[in-house]
Amino acid sequence: MALDIAKIRNIGIVGHGGVGKTSLVEGMLFAAGAVNRLGRVDDGTTTTDFDPDEIKRKISLSTSAAYCDYKGHRLNFVDTPGYGDFISDARAGLRAVGGAIVVVDAVAGVQVQTEKVWKMANDYGLPRIVVINRMDRERADFSRTLDSLQRRLKGRLCPLQVPIGAEAGFQGVVDLVKMKAALVADGKPREAEIPGEAMDAAKEWREKLIEAVAETDDDLLAKYLEEGSIAEGEMLGALRRAIASGTLVPVLAAAATRLIGVHPLMDLIVEEFPSPADVGTVEGTDVKTKAASTRAADPKAPFTALVFKTISDPHVGKLSVFRVYSGTLRSDSQVLNATRGTRERVGHIGWLQGKAQKPMEALGPGEIGVVAKLKDTLTGDTLCDEANPIVLSGITFPEPAISFAIQPKSRGDEDKISTALHRMAEEDPTLHHHFDPETKQLLVSGMGQMHVEMVVERMKRKYNVDVLVLPPRIPYKETVKGRAEVQGKYKKQTGGRGQYGDTWLRIEPLTRGGGFEFVDDIFGGAIPRNFIPSVEKGVRECMKRGIYAGYPVVDLKVTLYDGSYHDVDSSDMAFQIAASMGLQKGFMDARPILLEPVMNVEVTAPSDNAGDVIGDINGRRGRVIGMEPDGEIVAVRAQVPMAEMLTYESSLRSMTGGRGAYSMEPSHYEEVPAHIAEKVVKEAKAEKEKASH
Ligand SMILES: Nc1nc2c(ncn2[C@@H]2O[C@H](COP(=O)(O)OP(=O)(O)O)[C@@H](O)[C@H]2O)c(=O)[nH]1
Ligand SMILES: [Mg+2]
């Protein structure tokens, strides 16, 4: 028996790291009786922070799912990480839900990632509830936090509650709709009359709430202005519509670890958040016709689901966590991965409670489920009925911001590393890795230093390989600015048959990005036709190895315009060597230079730090190309040489007190200033000497 769609609520819990999201989920699970002990982040006992890395660090690193039944409703929670390096998991989590709970800290107020997740929720058009949590802390302040919310987040935010008591004396909240106090005693909710000291604030804020609700509805506003009040029933109806459509965002107060404000939050979710049935249909692209198509949230419709999280474990294997949009998925069946066009066998399916699975026979629309061991399925893929293929819009992940080179500590571990990285990348779409043939390094790229460090730790713990992390070698390139004409001649006469090749080469630069051009300008058979490809090959191989500092040569035109040969001693090999000798000499005569990769960098930082951020970029030989203020956050776009960005993460962190974030991607190559090129060449020579000893 599948769940009643109208009774399902899928909720994403998002916000800056450390504000109490995981604790709030735990509180709700406990309040609903889904767990019989209230787990604590600090003890590593919560349902949704079950990974050993999360327990060790006491922070969420990855999206996880849990559920409870409350007042006849199924609440599916998607708990997301709040730290910058892992925030794209929150975006993926929000893709699958019908509403978001945005948690903020009652002391810190709006933080960098709060603004990010707010934008994500906007992108998906999600209704949301803001919870001001940790109200029991010293210096917790509801109205100041509300102020920062209203100033920095776009939308109509309005308290639905006011707190009773403050800091350690925080006891509960006044429900401004019912005008009753919601307290907790021994973890159980208790309704009471509004205590005298909270009465004035309650009356004042109720008036503001009515005004805010009236403003969401023109007819209601007219009535309110005329009569000075609105009937309870009308007001509730308008409030419901405003919350469901996101035109009004209610603000609540809570102390998750003390279970204060937890029941009222669940009540609000049940009463005001839309069910998957309210949303009705999901849109996608019909695979056969390529036209837009929809699927209804109906258990009898063709099956459609989206995978929003992949968990990979060396023991359990791969788990795909998905949200069903239409139809019914049965265990032991077969589905189509419409994104990849492959068939997948579905074995056991079930609900997820943190790391635990509850096996189910069938899962219907609106449900969040898990399936093990799909072959080709990754996060963002659509699973559907084979006869009715449809692709839902996927999930986009940002490009990596930082790369490190990794090296096995013990020789022979290369295969293990590659298996581990492959597995981890399945689970984490923001983790990339590739072998760079130019620098001969295995590069691991991620969203930040902490992300890459995590990957390395996980490799050790889960896959039993120890690696060294090195800064990546900068993939410099070499070219020339001048021209030269040289002779490359190779002649050897030792014993039997000799070697003879003789070439004259003209070396010239091409424009940036021009690559390589080889021109055969031999007339009159100075070199026989059949040896000319050998000359080109000699030139190409020499370019690949590099001449000036051992980096590949680009943007070069080489013209073979003369030479000579020997009837017996000339050979392919002799001409290859001759050409290579010629190029090596001519290249150095033609004013060689180094080119370096320049990155497009985007930094977001608190506006107060804008001056420091820009000064620092200039100090890194960077060019600021744009600046966009966005509330109290400023986005700076710049181009900076890659070589100057290796230490950026820690500088940005100390400049902005951890509130800055950045991303970068390669833009183009530019000439390295002479004094820096000199150093790079020197280092390359030293390295070469070392290697040859
Ligand atoms: N005083 C107090 N501490 C809390 C509350 N909620 C969470 N915490 C603590 O805040 C820290 C971060 O909580 P966590 O749930 O991991 O936050 P998340 O990163 O947003 O998931 C932990 O040490 C929690 O025990 C609360 O309501 N009051
Ligand atoms: Mg958490």
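The values are calculated or read from the model by the stated rules, or taken from the named source; none is laboratory data. The structure displayed is predicted, hence computed values, not measured ones. All Cβ positions, even for glycine, are placed from backbone atoms using ideal geometry, and neighbour counts span all protein chains on display. To get the accessible areas, we keep the full protein, side chains included, count just its heavy atoms, and leave off ligands, DNA and RNA. Shrake-Rupley method; radii C 1.70, N 1.55, O 1.52, S 1.80 Å.
Observations on the structure shown:
- Counted charge near Val598, where neighbours are those whose Cβ lies closer than 10 Å (Asp, Glu -1; Lys, Arg +1): -1
- Computed in the context of the full set of protein chains, the accessible area of segment 1-77 at 1.4 Å probe radius has 50% of its extent on carbon or sulfur.
- Amide H within-cut-off set for Leu378, under 5 Å, with H built and near neighbours excluded: none
- Considering only Val107, Phe86, Ile129, the residue lying farthest towards the positive end of the dipole of segment 58-134 is Ile129, judged by Cα position with unit charges set on Cβ.
- Extreme residue, positive dipole direction of the chain, given options Ile547, Tyr500, Met642 (C-beta unit charges): Tyr500
- For segment 642-659, backbone phi angles converted through the Karplus equation (6.51, -1.76, 1.60; θ = phi - 60°) give residue-by-residue couplings of 3, 4, 8, 9, 5, 10, 5, 3, 6, 5, 4, 4, 6, 5, 10, x, x, 9 Hz, Gly and Pro being listed as x.
- Taking the charge dipole of segment 211-302 about its Cα centre, with +1 at Lys and Arg Cβ atoms and -1 at Asp and Glu Cβ atoms, the residue from Ala254, Thr281, Ala238 reaching farthest to the positive side is Thr281.
- Within the chain, the percentage of alpha carbon pairs spaced more than 42 angstrom apart rounds to 42%.
- Cα-centred dipole magnitude for segment 537-647, charges only on beta-carbon of K, R (+1) and D, E (-1), debye, nearest 20: 420 debye
- Average accessible area per residue (Å²) across the chain - probe 1.4 Å, nucleic acids and ligands excluded: 44 Å²
- Segment 623-683-segment 362-384 distance, computed between alpha-carbon centres (Å): 40 Å
- About the centre of its Cα atoms, the chain shows a dipole size close to 1920 debye [charges on the beta carbon of Lys, Arg (+1) and Asp, Glu (-1) only; nearest 20 debye].
- Efficiency of FRET from Cβ geometry, His668 and Ser564, R₀ 60 Å, rounded to 0.05: 0.90
- For segment 278-350 and segment 1-73, distance of Cα centres in Å: 24 Å
- Kirkwood-based Rg to Rh ratio, segment 133-178, C-alpha trace: 1.00
- The magnitude of the dipole of segment 261-303, with charges of +1 and -1 set on the Cβ of Lys/Arg and Asp/Glu and taken from the Cα centre, is near 440 debye.
- Helix axis angle, 262-272 relative to the chain longest principal axis, alpha carbon, degrees: 90 degrees
- Across segment 612-625, rounded Karplus estimates of 3J(HN,Hα) from the backbone phi angles (6.51 cos²θ - 1.76 cosθ + 1.60, θ = phi - 60°) give 5, 4, 5, x, 5, 5, 4, x, 9, 6, x, 10, 7, 10 Hz, Gly and Pro being marked x.
- One way to sum up the overall shape of segment 1-143 is the equivalent ellipsoid from its Cα gyration tensor, whose semi-axes run 22, 19, 16 Å, largest first.
- A convex hull fitted to the Cα coordinates of segment 578-649 yields 102 cubic angstrom per residue.
- Accessible surface of segment 473-600 [probe 1.4 Å, protein heavy atoms]: carbon and sulfur percent: 49 percent
- Over segment 62-156, the Kirkwood radius and the radius of gyration, each from Cα atoms, give a ratio Rg/Rh of 0.98.
- Amide H contacts of Met627: Arg637, each under 5 Å away and 5 or more positions distant or on a separate chain (H built 1.01 Å from N in the peptide plane; Pro and chain starts excluded).
- Between segment 555-581 and segment 155-205, the alpha-carbon center distance in angstrom: 89 Å
- Value at 222 nm in deg cm²/dmol, rounded to 500, when DSSP H runs of n ≥ 4 in the chain each add -39,500 (n - 2.57): -9000 deg cm²/dmol
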